[in-house]
Amino acid sequence: MDEKSWVFHIGPIWFDGTVTTMILLTCLIVFLLVFFFTRNLQMKPTGKQNAIEWLIDFTSGIVSDNMPRKEVQNFSLLSFTLFLFIFVANQIGLVTKIVTPNEVSLWKSPTADPFVTMGLAMMVLVLSNLLASERFGLAGYVKNSFLSPMPMLLPIKIMEEFTNVITLGLRLYGNIYAGEVLLTLIASMVTSLGWIAIPIAIPLEMIWIAFSLFIGSIQAFVFTTLSMVYIGHQIEVEE
């Protein structure tokens, strides 16, 4: 399965059109969901307002479990946005699969692309270090993040920054990409074996879609939780 994305360029810079389109679509879906669920807010929540308030409480709980309580207000919006974006991005590839005869993919989960997940992980790394340097100053940031509890740990601390990015990004990518590949393989049974494979392919497809929904939700939770852990580790003073 040699699947490719369609590409376009603006001047000398080339872009992955499939991933770019799917990221924009994910952002649009997230915006529309939040817009719909937050219309006509009332003091006594019901229905859709209960759902969005539960999600806000859930993501705020991720922050409070991994940071001091005083930081919850500062990072609850980041946690909410990160979780919702990754959740939708993980699931959007389960809706359908559009591939041209030339094996060019036009529809897939953005998080099934390693550059997207590594970009998200790099964003968390840069943000955590910027927040730490802003809070402690440059000297305090270097001391707290790299020289505590002892200076000899400096090489390990630096290596840890890069391993955190790699594990955070590749964990998300591997799970979502593997799920989409298996869905494609199950669907290809009908093409290769004909109608006789339909009684087997359809139940397998439904079971794997349900499992992929669960995995996508778990991975959104794991990515958001680890992001808060990494940021909390940088902005807290090492004892």
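See the values below:
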{"read-out": "³J(HN,Hα) computed for each position of the stretch 79-87 - Karplus, 6.51 cos²θ - 1.76 cosθ + 1.60, integer Hz, glycine/proline x", "value": "4, 4, 5, 5, 4, 5, 4, 5, 4"}
{"read-out": "Once the Cα gyration tensor of the stretch 108-187 is diagonalised, semi-axes √(5λ) in Å", "value": "35, 13, 6"}
{"read-out": "Antiparallel DSSP beta bridges within the chain, as percent of all bridges there, nearest 5", "value": "75"}
{"read-out": "Surface accessible to a 1.4 Å probe, Asp65 within the full protein complex, Å²", "value": "130"}
{"read-out": "Candidate lysines - alpha carbon under 30 Å from Lys143, same-chain residues fewer than 8 apart omitted", "value": "Lys70, Lys157"}
{"read-out": "Under-5 Å amide H pairs with Ser5, H placed in peptide plane, nonlocal only", "value": "Ser105"}
{"read-out": "Listed peptides 94-105, 157-168 by packing density, highest first (mean Cβ within 10 Å)", "value": "157-168, 94-105"}
{"read-out": "Residue-averaged [θ]222 nm for the chain, counting only DSSP H segments that reach four residues, each worth -39500 (n - 2.57)", "value": "-25000 deg cm²/dmol"}
{"read-out": "Accessible area per residue in Å² at 1.4 Å probe, computed on the stretch 67-140", "value": "50"}
{"read-out": "Accessible area of the chain belonging to carbon and sulfur atoms, whole % at 1.4 Å probe", "value": "73"}
{"read-out": "Estimated vicinal HN-Hα couplings, Hz - the stretch 25-41 in sequence order (Karplus 6.51, -1.76, 1.60; Gly, Pro = x)", "value": "5, 4, 4, 5, 4, 4, 4, 5, 4, 5, 4, 5, 6, 10, 6, 6, 5"}
{"read-out": "Dipole of the chain, positive direction: furthest Cα of Val7, Met152, Leu41, with charges on the beta-carbon", "value": "Leu41"}
{"read-out": "Heavy-atom SASA rank of Met152, Met43, Met118 (probe 1.4 Å, accessible area, largest first)", "value": "Met43, Met152, Met118"}
{"read-out": "Residue-level accessible surface for Arg171, protein heavy atoms, 1.4 Å, Å²", "value": "90"}
{"read-out": "Percent RCO, i.e. relative contact order, over the chain, from Cα pairs under 8 Å lying at least 6 residues apart", "value": "24"}
{"read-out": "Karplus-derived HN-Hα couplings along the stretch 147-155 (A = 6.51, B = -1.76, C = 1.60, θ = phi - 60°), whole Hz, x at Gly and Pro", "value": "10, 9, x, 8, x, 5, 7, 3, x"}
{"read-out": "Heavy-atom accessible area order for Met150, Met206, largest first, 1.4 Å probe", "value": "Met206, Met150"}
{"read-out": "By average C-beta atoms within 10 angstrom, highest first, the peptides 181-189, 45-53, 121-129", "value": "121-129, 181-189, 45-53"}
{"read-out": "Length-normalised contact order of the stretch 84-188 in % [C-alpha pairs under 8 Å, at least 6 apart]", "value": "31"}
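The values are calculated or read from the model by the stated rules, or taken from the named source; none is laboratory data. Just so it is clear, the model here is predicted, and its values are computed rather than measured. As a convention, Cβ positions derive from the backbone with ideal geometry for all residues, glycine included, and neighbour counts pool all protein chains shown. These accessible areas exclude ligands, DNA and RNA; they are computed on the full protein's heavy atoms, side chains included. Shrake-Rupley method; radii C 1.70, N 1.55, O 1.52, S 1.80 Å.
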